[in-house]
Structures are given as structure tokens and as C-alpha cells.
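Colleague: I am attaching a structure below and will ask some questions about it afterwards.
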Amino acid sequence: MDLIFIKFYGIIKLMKHKLSKHAIDVMSSRNVKKEWVNLTIKNPSLVKKISTIEAHYFSKIEENENRCLKVVINPTTGIIVTAYFDRNMRKKGCK
């Protein structure tokens with residue numbers, strides 16, 4: 001379990017986060033490094049607040065051909081639900 005700062009609805013808080021089993025599985029199968037997930041949560045280029053229990057964090061990963069990493073997290077529990085490279089956001093200009 002790692003400590004991260006999460007900015008959600010204008011509030012910045014220090015929170016422990018952990019990976020769900022699904023997140024671990026998809027990160028392994030899609031070659032997503034944990035350090036990239038941490039980087040995306042700590043320093044996102046974009047955050048989409050879907051609801052009080054779901055937020056999408058995006059960041060361009062230079063080490064992986066500037067692809068756009070999407071990390072879905074429950075900001076109330078700190079559980080990372082999934083992480084994958086989002087082709088649609090890359091086309092929309094993930095920064």
C-alpha cells in the first residue's frame with residue numbers, strides 16, 4: 001500500500017491506495033508499470049470526476065510512446081479499480 005495525494009473536488013488529501021485484483025491482472029496483461037500508475041495519480045494531466053466514488057486520472061507516458069494512461073480510482077476508498085492505455089484520449093489530446 002502506497003501513500004498518495006489525491007485531488008478530488010478541489011480537496012487535496014493524503015490517502016493510502018491499493019490495487020484491486022482486477023487492476024493487478026490488467027496491469028500485468030497490458031504491461032502497465034506500477035510506477036506509471038503512481039505517476040498518473042500523483043501528477044495527472046486530466047482528472048474526470050465521474051461520481052463521488054469514481055474518478056478517472058489521465059497522463060501521457062513518455063516511456064511508452066507517449067501513450068495516454070487511464071487510471072480509474074475510487075477516491076473515497078483509495079482502491080485503484082483498473083489502469084490501461086486509452087486510445088480515445090490519446091486522439092483527444094492527452095497531455
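Colleague: Kindly flag which residue pairs out of K16/K42; K21/K60; K21/K92; K34/K92; K18/K48 have an alpha-carbon separation exceeding 22 Å in this structure. Before the final figure, lay out each step's value.
Modeller: Working: K16/K42 12 Å; K21/K60 24 Å; K21/K92 29 Å; K34/K92 24 Å; K18/K48 20 Å.
Listed pairs above 22 Å: K21/K60; K21/K92; K34/K92.
Colleague: Through the Karplus equation 6.51 cos²θ - 1.76 cosθ + 1.60, θ set to phi - 60°, convert the phi angles of the stretch 33-42 into ³J(HN,Hα) values in whole Hz; use x for Gly and Pro.
Modeller: Residue by residue, the stretch 33-42 yields 7, 4, 5, 5, 5, 4, 4, 5, 6, 6 Hz.
Colleague: Ok, one more. What are the extents of the Cα atoms of the stretch 19-64 along their three principal axes, in Å, largest first?
Modeller: 28, 26, 13
Colleague: What ranking, highest mean first, results for peptides 30-40, 66-76 when packing means the other Cβ atoms within 10 Å averaged over each residue? Mind dumping the intermediate values first?
Modeller: On the way: 30-40: 16.7, 66-76: 20.9.
So the order, starting with the most tightly packed, is 66-76, 30-40.
Colleague: Take H22 and I50, extend 7 Å from each Cα along the Cα→Cβ direction, and tell me the distance between the two endpoints in nm.
Modeller: 0.8 nm
All of the numbers you see were taken from the coordinates with simple rules; none came from a lab. Everything quoted here is computed from the prediction, not taken from an experiment. Note that each Cβ is placed from the backbone with ideal geometry, even for glycine, and that neighbours are counted across all protein chains shown.
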